[in-house]
1. Those residues that are among the aromatic types (F, W, Y) and in contact with a helix residue (DSSP H, G or I) (Cβ under 8 Å, 6 or more places away or on another chain), I need them from the range 19-50; list them, please.
2. Taking the residues in the range 322-333 that are modelled with pLDDT under 90 and not in a loop (DSSP other than H, G, I, E, B) as candidates, determine which candidate is farthest from the chain's Cα centre (by Cα).
3. Could you say whether any residue in the range 16-39 is touching a residue at least 40 places away in the same chain (Cβ under 8 Å), closer than 27 Å to F291 by Cα, assigned to a loop (DSSP other than H, G, I, E, B) and among the basic types (K, R)?
4. Looking only at the range 218-230, decide whether some residue is among the aliphatic types (A, V, I, L, M), at negative phi and either touching a residue at least 60 places away in the same chain (Cβ under 8 Å) or touching a helix residue (DSSP H, G or I) at 6+ places or on another chain (Cβ under 7 Å) (or both).
5. Those residues that are surrounded by fewer than 21 Cβ atoms within 10 Å (Cβ to Cβ) and over 22 Å from Y3 (Cα atoms), I need them from the range 110-132; list them, please.
6. Go through the range 136-188 and give me each residue that's part of a helix (DSSP H, G or I), more than 32 Å from the chain's Cα centre (by Cα) and in contact (Cβ under 8 Å) with a residue 24 or more places away in the chain.
7. Can you say whether D92 is assigned to a helix (DSSP H, G or I) and closer than 27 Å to K335 by Cβ, as far as the supplied structure shows?
8. Those residues that are more than 23 Å from the chain's Cα centre (by Cα) and among the β-branched types (V, I, T), I need them from the range 1-54; list them, please.
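The values are calculated or read from the model by the stated rules, or taken from the named source; none is laboratory data. This is a predicted model, so every value here is computed, not measured. Note: ideal-geometry Cβ built from the backbone for every residue, glycine included; neighbour counts use all protein chains shown.
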Amino acid sequence: MEYKYFQFASPFNSRREITTIDDVDNKYWDESRDMDTGRSWQFYDDSLLHYVKYNNGSPSGYPGKSDSPIIPIDIDNTSTSNLIDVLSKVGDILGDLEDVCLYYSGKKGYHIEIPSSLFALNPSENIPERMKRMVAQFDIGADLSLYKQSQLWRMNNSLNVGGGYYKTRIAIEDIIAGINLEEIQYLAKKPHSHSFELFEPPYAKERDWLVDIWEQTECPDNSKLKVSGGVNEGYRNENAYDTALGLKTQQIPKVIAYEIIEAQNEKNNPPEPNLKELLKSVDSAYDGEYFKKFPINPVLQHLKEDAYWNELNDRRKVVYIQMLMDANVREHIWKGERIRRNQFVFGKYSTPERWEIKPDTLRTIMDKFEKDGIISRRVISRGKKNIFTIVTLLSFDVYTHNNTHTFNKENE
């Protein structure tokens, strides 16, 4: 698959367009160069086009894989002496700065682009999450808010309206030689060419130590779609349609639905020899007006027969449900800490406010749940200050939807 599509917006808060490197200058340069103009630093294959078609023309929430030809780094500090320190650290990590591109953002700081081929980066569903972990480890003062799904990256040679200057490429040698901010801004008074200069960076051979750094950012994804069991002859089309309808309802792209139905067919007894017939069922589901009605969130289904939950008072039931809904189905990194499956971050003040429960009341309820063996808690501290608590659900697996609870002995 070719990851050539990216999201484009001019100005930033306008409707996202889907375009390519080959088309962006011809379509948008004349009207967009003097506006805050950005594109997603992530690139996508044509699955994004199918998703947009069935998502009211919007790429928002796209769940598929993405790629990036660069590791983008945003330094929100205009000091050139600070920039020299940053470049020195980056050079130490990479081995040299030969393949690195540097830009003045037009206002608050500088943009650094590192070829991702140095790290042997491959398409995946969680590239922003992994990139955030890696750049955080660089310890260079980068703005980590950049590493979100579909986050925009300012286009080269476009105007930073708030700063009054254009995003401009700068020679790293000039920075090291002592060029100052005023001289940089003089260069940034106008675009240096009539183009966004969006080119795929030249291939840079991977470096073993950088590949190791990238591989260490990987977290297992526990939220993969499962392929349901097969059915007997006579029910294959009906099952394919029902499965596709459920996938459509969950906003899964049609191309992924095709793959799931094909894998599902291998479990049919016997498999449908004419796969095109099954894929027509997918088309019928996605092209139609109907959506699947799910009776109840499976995370909550077990509560009907859960003796412990049914004995709780209303306030404790609310907290229990909030915990189920907040718990991770796959791992994430939060402020340098790995938050695993069935865990969530609990803030002393932020969580009570979000759950709309008084802090003292919530603390008492959480103490009870811990005493009963429903949860465990680990406080994360920095120096002498408690930052947040990682809460682990011991009573239920939010991914498999299975009870795992056994009472503490004192409560048997």
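1. Correct list: W41 only.
2. Quick first cut of the range 322-333, residues modelled with pLDDT under 90 only: 324-333.
Within this subset, residues satisfying the condition of being not in a loop (DSSP other than H, G, I, E, B) are 324-326, 332-333.
Working: L324: 21, M325: 19, D326: 17, H332: 10, I333: 12 Å.
Across the range 322-333, the extreme among qualifying residues is L324.
3. The answer is yes; a qualifying residue exists.
4. Going residue by residue through the range 218-230, those that are among the aliphatic types (A, V, I, L, M) are 225, 227.
Filter once more, keeping what is at negative phi: 225, 227.
Now narrow it down to the ones that are either touching a residue at least 60 places away in the same chain (Cβ under 8 Å) or touching a helix residue (DSSP H, G or I) at 6+ places or on another chain (Cβ under 7 Å) (or both): 225, 227.
Yes, there is a match, as at least one residue in the range 218-230 is among the aliphatic types (A, V, I, L, M), at negative phi and either touching a residue at least 60 places away in the same chain (Cβ under 8 Å) or touching a helix residue (DSSP H, G or I) at 6+ places or on another chain (Cβ under 7 Å) (or both).
5. Answer for the range 110-132, where residues must be surrounded by fewer than 21 Cβ atoms within 10 Å (Cβ to Cβ) and over 22 Å from Y3 (Cα atoms): there is none.
6. From the range 136-188, those part of a helix (DSSP H, G or I) are 136-138, 144-146, 172-177, 181-187; that's our starting set.
Still in the running and more than 32 Å from the chain's Cα centre (by Cα): 173-177, 181-187.
Those that are part of a helix (DSSP H, G or I), more than 32 Å from the chain's Cα centre (by Cα) and in contact (Cβ under 8 Å) with a residue 24 or more places away in the chain: I175, I176, L181, I184, Q185, L187.
7. On the way: assigned to a helix (DSSP H, G or I): yes; closer than 27 Å to K335 by Cβ: yes.
Answer is yes for this residue.
8. Quick first cut of the range 1-54, residues more than 23 Å from the chain's Cα centre (by Cα) only: 22-36.
Result: V24, single match.
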